[in-house]
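Structure record follows, encoded as structure tokens.
The values are calculated or read from the model by the stated rules, or taken from the named source; none is laboratory data. Everything quoted here is computed from the prediction, not taken from an experiment. Backbone-built Cβ (ideal geometry, glycine too); neighbour counts: all protein chains shown. What goes into the accessible areas is simple: the full protein's heavy atoms, side chains included, and nothing from ligands, DNA or RNA. Shrake-Rupley method; radii C 1.70, N 1.55, O 1.52, S 1.80 Å.
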Amino acid sequence: MGGYGSGRRTDRPSTDECIRINFAEMKRWGMLQRHCMNRRERVWTVDGEVVALLTIVADTDCMEPHPCLKITGTAFGRRIDCLVWLEAVDLPLGGERWYALCPKTGRRCAVLILPPGALHFASVKGWRIPYGSQRECRVHRAYRAIDKANVRRKALSKYARNPTKDRLWSRIAAKHQVVESELDRLA
């Protein structure tokens, strides 16, 4: 009971298999600026094959009466024409943070997803789709943590303090021990 691979099986996709629009990335691209209209074309690929070609237009009080995000193009072989309303929240130290209002729940979200076969974007909670890490076994979670720590370690400045570097190396070593113990247990 409760062994490796046991539990409920499902063919529902996880967030890793969906097309994602992240508002943090949009902010980095300079798309979310007050009283501006910005347009960007994005291509999503899976295993070298184009899955989606979408045009994202962020209109923040420029042409439309309310801020919105217009998403058009094709995804998973279907035509997509979606409109998502945006909301700006003032930050305590100045500036603002943009959120999408989920068409399904009406709540704020910072990531919009499009599952395979769907025609419009909504939040993760709106689609009720699990995250990819929720379905992973301990070995795959450990590998994901190792990759994350390696990316962080490589991004460190050469002036980073030794305790920070040691903490990352110890995290990587601990996850390698988890991988080895789980593989020994399975063998």
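Here are some notes:
- Checked against the criterion of being surrounded by 13 or more Cβ atoms within 10 Å (Cβ to Cβ), farther than 20 Å from His120 by Cβ and at pLDDT below 95, the candidates Cys62, Cys68 yield just one match: Cys62.
- Subset of segment 72-95 [under 22 Å from Gly106 (Cβ atoms) and either more than 22 Å from the chain's Cα centre (by Cα) or open to solvent by less than 50 Å² (accessible area, probe 1.4 Å) (or both)]: Ile80, Cys82, Val84, Leu86, Ala88, Val89, Asp90
- Among residues of segment 33-53, those that are at pLDDT 90 or above and touching a Ser or Thr at 6+ places or on another chain (Cβ under 7 Å), counted: 5
- All positions within segment 93-138 that are of a type in the set (S, T, N, Q) and touching a residue at least 40 places away in the same chain (Cβ under 8 Å): Gln134
- Which numbered condition Leu53 misses (of (1) free of Cβ contacts under 8 Å to residues at least 24 places away in the same chain; (2) part of a loop (DSSP other than H, G, I, E, B); (3) not aromatic (Phe, Trp, Tyr)): (2)
- Looking only at segment 1-31, and only at residues there that are open to solvent by 50 Å² or more (accessible area, probe 1.4 Å) and in contact with a helix residue (DSSP H, G or I) (Cβ under 7 Å, 6 or more places away or on another chain), the one that is modelled with the lowest pLDDT: Tyr4
- Subset of segment 22-41 that is without any contact (Cβ under 8 Å) to a residue 60 or more places away in the chain and part of a loop (DSSP other than H, G, I, E, B) - its residue that is farthest from the chain's Cα centre (by Cα): His35
- Of the numbered criteria (1) part of a helix (DSSP H, G or I); (2) among the small types (Gly, Ala, Ser); (3) within 25 Å of Lys27 (Cα to Cα), the one Gly94 fails is (1).
- The set of residues from segment 42-71 being over 17 Å from the mean Cα position of the chain (by Cα) and among the polar types (S, T, N, Q) comprises Thr55, Thr60.
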